[in-house]
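Any read-out appearing in this document is the output of simple, stated calculations on the displayed coordinates, not a laboratory observation. Owing to the predicted nature of the structure, the values given are computational and were not obtained by experimental measurement. Note: ideal-geometry Cβ built from the backbone for every residue, glycine included; neighbour counts use all protein chains shown.
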């Protein structure tokens, strides 16, 4: 399973205070203090951009996508090169179901800061949601190039490779993710999918069992294990797992159909 978790996005929301070496995070009073503290236009614009950017991040944490778009747009008005504001506005557009504007903003965030991996994760999530798996894989390739010890990136690439049928490569990626993070459930879930598509049902069930021991509400593991059990002739066990998965995630069956599994 990709760490994007089959929810909307990887939920990587960045506050300017998280990456800046400048003073502490802005709050709602920064607009007034900026005017009082410094009359230099460039300094004032920087402070206003940061204030709006941080409020945009707070909006996103509250799920207020419309206001987040407004605040990030204001940040970009004062600083058109603010990569974090582009990333966070893209996240808001994705949350509103607007992948075209989301990808455009993630593209610009990455152009301005090629090392802003949060934007690559978010863009890859949107690519996956729109079945652009090759483009998602390219983003994971780049994240791994930049951060070779990022277990999440190896897992996400494993999951995506399993979806598109690059199964042996998927297994290698999941093994590396497991090496980097032995206690993670997601790589077991992803590897279970790869084994399921390979027809190695025993190993698939074993991985799903292990993933569910770590996270008993992992819907993709429940559903995948149910499919594997059905293929092994265990109708009762398979139906039980699939029903439990659907109770957690209503559209899990449709998700697996997208992955070529019924």
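Give me the distance in nm between label points sitting 7 Å out from Cα along the Cα-to-Cβ direction at residue 179 and residue 146, one decimal.
According to this spin-label approximation, the distance is 2.3 nm.
Relative contact order (percent) for segment 47-196, with alpha-carbon contacts under 8 angstrom and 6 or more residues of separation?
Here the relative contact order equals 13 percent.
Quick check on segment 96-161: take the gyration tensor over C-alpha atoms, sort the square-rooted eigenvalues as a ≥ b ≥ c, and tell me if it's rounded (a/c under 1.5), prolate or oblate.
Numbers: a/c = 2.31, a/b = 1.23, b/c = 1.87.
Oblate is the answer for segment 96-161, as a/c is 1.5 or above yet b/c matches or exceeds a/b.
Starting from 0.36 nm per residue, how many nanometres of slack lie between residue 198 and residue 215 once their C-alpha separation is accounted for? Could the numbers behind the result be given before it?
Details: separation 17, 0.36 × 17 = 6.12 nm, distance 2.39 nm.
Separation in residues times 0.36 nm, less the Cα-Cα distance, equals 3.7 nm.
Gain in length, residue 236 to residue 134, computed as 0.36 nm per residue apart minus the alpha-carbon separation, to one decimal in nm?
Values: separation 102, 0.36 × 102 = 36.72 nm, distance 3.71 nm.
Stretched out fully, the residue 236 to residue 134 stretch lengthens by 33.0 nm.
Please identify which residues in segment 87-103 have an amide N closer than 17 Å to a label point set 7 Å out from the Cα of residue 77, following the Cα→Cβ vector.
In segment 87-103, the label zone of residue 77 (backbone N under 17 Å from the point 7 Å along Cα→Cβ) covers 89.
How far is the Cα center of segment 87-135 from the Cα center of segment 165-226, in Å?
26
So how far apart, in nm, are the two label points at residue 104 and residue 253 if each is 7 Å from Cα heading toward Cβ?
Spacing of the two 7 Å Cα→Cβ label points: 3.8 nm.
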